[in-house]
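Computed from the coordinates by the stated procedures, all read-outs in this text should not be read as laboratory data. As the structure is a computational prediction, the values presented were derived from the model and not from experiment. Neighbour counts are summed over all protein chains in view; Cβ atoms, including those assigned to glycine, are modelled from backbone coordinates with ideal geometry.
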Amino acid sequence: MSAGRTRTWAWPPSPGTSSNPRELPNAIPLFRFRSAPETISGESPTHHNGLAYHAVHSAPHGPHKNARHRAILGIGMTFHGLFVGIDHYETPFNRLRYAQRDAIVLHALFSDNLDGRATLLLDGEATKERFIAEMRHLAEVSTGADFVVIAFSGHGIPGGALATYDTTADRLSDTSLSLDDFTELTRGIRASSLLLVLDCCFSGHAADKVLHVPQDTCTSRDGSVSAMRRIDELRQAGHVVIAASGRDQEAFEEQEFRHGLLSHYLIQGLLGAPGAADGDRIYILKLAHYVSMSVSVHRNGRTQVAQEPVLGGSISNISFNVFTKGERYHATADAHRPDPVTAQLSSLAPYNIPEPVVEAWGNDRIKKLNQLQIDAINQGALLEGMNVLVSSPTSTGKTMVGELGAMRAVTQGKKAVFLLPTRALVNEQYERFRDLYGPLGFRVIRATGELRDQVPDLINGDFELAVLTYEKFIGLLPKRPDLLSAGVLVLDEIQSLMLPERGPLLETLLTWLRVRDGVTDTPQLVGLSAVLGKPDEFARWLRANLITATRRNAPLLEGVMGPDGRYRYRDQQGNEAVEQLLEPARATDTAEIATADQLVTRLVSKLVGMGQQVIVFQSTRREARTLARDLSRTLGLPAADAALEALPGGDGGRASELLHTCLAGGVAFHIADLTAEERRLLEQSFADPESQVRVLVATSTLAQGVNLPAGSVVVDGLEHPPPDSRPYSVSEYKNMAGRAGRLGLGKDRQRGRAIILTRGTADADQKWQRYVQGEPEDVRSAMLTPSTDVRAVVLSSLAEPAALVRRRSGPDVERFLAATFAAHQARVNSWPEPFPEADVRRMVRELVATGFLRETSHGQDELPRSVALTDLGELTVRSGLCVDSVAAVAAALGAVPADLINRATLVCAAQLASELDDIRFNWLPRTAYQEHTRLAARLRDRGAAEPVLSRLLSTPRRSGVGIGRARRSIACLMWADGVALADIERAISDPQKKTRPGFPGPVRHAVQRAADVMATVIEITFHVHPAADLGSLPDVFPAQLELGAPEGLVPIAWHAKVPLLRPVYLALARSGLASPADVVAADPDLVLDCVGSDDELRRVVLVAAAAALEEAH
């Protein structure tokens, strides 16, 4: 090729061309070369500042005798660089995880190895104005003999633009740097060699490094066609361009590498990776080819999607020495990344986990790390502080992942907070953490909204590990947003985000974290979930590294069985088989044997006879109680004497009485009608493989994280209870099935079996396809369901956790809504806008009119320029109640004179909240109108104010809603008075049924829900009656509802060092000991009788009574 001729090459190569990196440049045409203005004949490189400058000529020449001299004095090549990395954007776009790290490491390597000037712009420094200024500065200082590198790692915008830190979706063309403008700025740089690295994506696909914006804004400023055309113009302008992906392709961050995929291989190439270097030299063309080939053959670990870089250009083939890791590099995170961990706990040493903690894990249950935990550390960067989302089946060690993250935070002097969906799970986790970590000197606390909460310790930071329910933690944040500065936040059962009843609240918490991220300290987030369908987009929204597993440690067979007794099942490898578990029902005895009840009885009998423990899932509590009773009568099992003896003394109640009956036959049921102590005892008893409790009948709530395995799980009913009655999701079924199988009990005992009972062949085929072969549903925001109260989300957008300045505005509302997972999913999937502007404006006006917001003037078609929560709006956010519930309670109490506010009025007002509705109390007797009148009279006798009472009972009498509210109100008042549960159930039962009254409703559950909201109801009272004098009621009555104890004994509960069960308070009251003074003055033997002859418990009661008496005086 003669001097001055050019040839043009491009990558990716055409089909059939070789892809061997070692064949460059002869085999693969890659770039357009042209001779530089000053060229040096021959092949020998000319050096300056570590660089070598090569010219390509068609005819071979010997080395010029003055080549080296001319290279140093004539060319004068100097390095200039601009490195930009943006993880956090001013607008809450999807945060990237490793863009900053890309820029930092590239800047360090070039600065360590080449003389010159390099600028590093990270996050807030990388505004559009600053980016342009630095590009213009490069144009000013560079000469035609210099080597210039510009590397950008961040979001690209479909159509062709770079998202700078201050890019906003509503002013995209004005705030982003279009490739048109970028091209013009680059043309002004007078370098002989210019390398452009664009580690971003312009495809519009759901990739890591593309910004999702409305499609009508996805063009560059002048409406030019595509990003690829602009990149091609950059190539033709004489530059080497390496873009992360081609048209309609995605660009990814690779969590295993802790870098964008393109940046990682560029870094490796600069450091001399095989295939990138010739000996100790790096040739820019070969480097580019190495990067392109390496990225192209790499497959994203989760999606197996290819990413093919686009590169090309026209340049002289410069070279330089293989880069070494210098001082700046050794200051980066890459240089301090520990060696990968192995299964051995000792491999955690580089992460500074305290040795006593590692020993405690080994002594507890973790002898080695399993693959899920290893992946969370090595690939997910769990112990490097990255957000991690774990999606895996039950019994795969997810909780340990959270504990690893917690111990990292604690080791660094930070706090660790675990959040779980239910009190039962909190109590279980708290007790385990207390027993495991307490002896090591770690302070473990809990808060669930109960009297024994350690909220003061939480607020004061007097803890290392805190375990809370979602609702309790979220309720504290509006007044204490500083709680979000914990070192790590572990969200167990994070799949609850998809549930309509709990998901919006959890999504609100996560959105608060998103809008704060990058502006103030936020915790590392560790999400633990059952298997999720298509979790990648959820992980991307969480800004988390995704770790998935599909195989359980304990093998599981899943299948269906109908009246024919044939168990069609599938193993973990997907192999299908059939086993005749039961003799088929004969035509002559179908009426008796082939019914669903008889089928489950026969099956359980067979499984128990095989030596297995069995969990049976039923749809409703009534079905669970009934089946447990029937099984206890027919199976002929020995009594569970140990469980019967350990059961706490009760205060009557039909559920407790029935539990005793069932345990006498070796069977138990686990439902919310039981006390927390009864449920905990059953869990502990059944967890022992040798337990006398061989069968446990439960509802689906047992599957929510409670660590309770069994040999077999029988699923008899796959619908939620009324009024919902929707089918269980595949994920919910998998959670139930996952209870089957144990670890560490020998090969035969490890394998679990899940059996779905069906009505016949057609039903079996349908359930086989949907549940056994089905995949968990795709992650979907619960905020997208029509039942979501978006007004509550609007209020949350203005609460303290979302606000980093005192002044709030309408745009703050819009930004918060745009940051939700619901909005993210809508953008990515091109779904309709979930929060249309017109609807949001209407909601804001409504919230202002109803007293939840206050604002300044604004136009009819725009959101307020300044808007803030009122006291009523703030307590709505803290309470978790919907806007309509708070409004209903406020309106009812506002209609009552302040001097008529009493306990009965408050209880009735609380029942107006829709969250307390429970159809199990809404049953109608034959004489419905008489029952309505009877209940109303009882509440009037209690002093319930008429304005509240009329609203309570205003619904149509035949609907049962008003009657149900009245029953719950009466039950709550009697409970707080210390009336025995059996007497409460009789009082609200059908008066026509004297001999065999049914279950009137779950009284304990209703009382607990009322106790949960009573503090909010009292706050609302003071909102509508600021001068109301309620005496001691605000302090004492919520505790009465929780304890079920007379008012005079509440101070003993406040001072008791251990929780006292309700029977203790009832026994004290029956013995005439109605106050601390009575208890202190009583005969010690009488107090001993009241506590069940427990000397230690008597001491607790006496000490608490003495402390309460001293405080009163």
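Quick one: net charge around Ala892, please, counting Lys, Arg +1 and Asp, Glu -1 for every other residue with C-beta under 14 Å from its C-beta.
0
Would you mind computing, in nm to one decimal, how far apart the modelled labels at Asp521 and Asn707 are, each placed 7 Å from Cα along Cα→Cβ?
The modelled label-to-label distance comes out at 3.1 nm.
Highest mean first, how do 679-690, 938-949 rank when packing is the count of other Cβ atoms within 10 Å averaged over residues?
Peptide ranking by packing, descending: 938-949, 679-690.
What does the charge add up to near Asp517, with Lys and Arg as +1, Asp and Glu as -1, over the other residues with Cβ less than 14 Å from its Cβ?
Value of the local net charge: +3.
Ignoring solvent entirely, what values of log10 I(q)/I(0) come out of the Debye formula for segment 1048-1113 at 0.16, 0.24, 0.26 Å⁻¹ when each Cα is a single scatterer?
-0.40, -0.98, -1.17
Take the alpha carbon gyration tensor of segment 456-509, find the square roots of its eigenvalues, order them as a ≥ b ≥ c, and report rounded if a/c is under 1.5; if not, report prolate when a/b exceeds b/c, else oblate.
Working: a/c = 2.41, a/b = 1.78, b/c = 1.36.
It comes out prolate by the Cα gyration axes.
With a 10 Å radius around each residue's Cβ, average the other Cβ atoms per peptide and rank 556-564, 287-295, 768-776, highest first.
287-295, 556-564, 768-776
Distance between the C-alpha centers of segment 1039-1113 and segment 394-427? Whole Å please.
One Cα centre to the other: 35 Å.
Calculated FRET efficiency, Asp990 and Thr634, Cβ-Cβ r, R0 25 Å, to nearest 0.05?
Computed FRET efficiency for Asp990 and Thr634 comes out at 0.30.
Find the eigenvalues of the gyration tensor of the Cα atoms of segment 883-1044, then list the square roots of 5 times those eigenvalues as equivalent ellipsoid semi-axes, largest first, in whole angstrom.
25, 17, 13
Give the aspartates and glutamates whose C-alpha is closer than 13 Å to that of Lys325, dropping any in the same chain fewer than 8 places away, or say none.
Asp112, Asp334
Which of the pairs Lys368/Lys534; Lys398/Lys472; Lys367/Lys472; Lys367/Lys734; Lys368/Lys415 have their Cα atoms more than 31 Å apart in this structure?
Pairs exceeding 31 Å: Lys367/Lys472.
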